[in-house]
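Step one of this worksheet: look at the structure below.
Nothing in this text is a laboratory measurement; each read-out follows from the coordinates by a stated rule. Computed from a predicted model, the values in this text were never measured in an experiment. When we count neighbours, we look across all protein chains shown, and the Cβ atoms used for this are built from the backbone with ideal geometry, even at glycine.
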Amino acid sequence: MRTLIILLYLVATPLWAHPHIFVNTGVEVIIDAQNRLTHLRITWEYDELYSLLVTEDLEVDDDYDEVLTAADLAKLQGFDMKWIEGFNGDLVVTLNKETLALSPPMEPTATMANGKITTTHLRAVLAAPEVAATDVVVINPFDATYYTAYDVTLPVTVTGREGCKLTRKLPDIDDALRRTQAELAELPPDVETDEVGFAGIGERFATQIVLTCAAP
C-alpha cells in the first residue's frame with residue numbers, strides 16, 4: 001500500500017522516476033554462537049506482472065497452473081542472481097554507520113504461487129563482526145535509481161541469538177515526495193538522472209530494518 005501511494009504521487013513525473021518492478025521483501029539475520037553477524041538470507045516476492053514477464057521469457061509454466069516441473073525450476077532458480085560486477089544486490093548493511101561488505105549471492109531458491117515468483121538467496125557478511133549490546137545494525141534494501149521498489153512486508157527474523165530485536169523504520173514519505181518533486185521539476189524532460197547526481201532517489205523511499213541486541 002505504501003508503494004502504491006508513492007507511485008500515485010509520482011505519476012506526473014518522468015517515467016524514469018517511477019518504479020517499474022515491485023518486490024515484497026523479507027530478511028533473516030543469522031548470528032553465530034560467538035554473537036557474530038555472519039549471514040543474511042533475503043526473500044524477494046515479485047509483483048504479478050513482472051512474474052508473468054519472467055515466466056514467459058524463460059518459457060516456464062506454459063499452462064499457467066503454477067505447478068512447476070523440475071525443468072521449470074531449473075530455469076527459474078537463480079534467474080535474478082546474474083549480477084553485473086559492482087552490483088550490491090540492492091542491499092546496504094551498516095554497523096554503527098559503517099558499511100559492511102557482503103558476499104555475492106549463494107544458495108538461490110525459487111518458487112511460484114498466486115501469480116508471484118518468490119526467490120531467496122544467502123549473503124555472507126565478510127567481516128562477521130560481533131554484535132554488542134551497544135551496536136546498531138541497519139539493513140537497507142533499496143534500488144538507488146528507484147526502478148525497483150522494495151517494500152519490507154515479509155517477515156524479518158533473527159536466527160541464532162536470543163535477545164535481539166528487529167524494527168522497521170519507515171521513511172518520511174511526505175518529505176521524500178516534496179524533495180523528489182521539487183528536484184524533478186527543475187530537470188529537463190530528457191535528462192538522465194545519473195548525469196545530475198540524482199541516482200539516490202530510491203533510498204529516500206526505503207524502509208530500514210534496524211537490529212539491536214541485548215547483552216548475551
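Cα centroid distance between region 50-113 and region 115-155, in Å?
The two parts, judged by their Cα centres, are 14 Å apart.
Please report, in debye to the nearest 20, how large the charge dipole of region 2-213 is about its Cα centre when each Lys and Arg carries +1 at its beta carbon and each Asp and Glu carries -1 there. Don't skip to the end; give the middle numbers.
Values: 15 positive and 34 negative charges, 226 e Å.
Dipole of region 2-213, to the nearest 20 debye: 1080 debye.
Can you tally the net charge around Asp143? Count Lys and Arg as +1, Asp and Glu as -1, for every other residue whose Cβ sits under 10 Å from the Cβ of Asp143. Mind dumping the intermediate values first?
Values: positive: none; negative: Asp90, Glu203.
The answer is -2.
Let me check I've understood the local charge: for Arg41, count other residues with C-beta under 10 angstrom from its C-beta, Lys and Arg +1, Asp and Glu -1. What total comes out? Walk me through the numbers on the way to the answer.
Numbers: positive: Arg123; negative: Glu28, Glu107.
It works out to a net charge of -1.
Divide by every residue of the chain the summed helix terms, -39500 (n - 2.57) for each DSSP H run of at least 4, and state the resulting mean residue ellipticity at 222 nm, rounded to the nearest 500 deg cm²/dmol.
Taking each H run of at least 4 residues, the total per residue is -5500 deg cm²/dmol.
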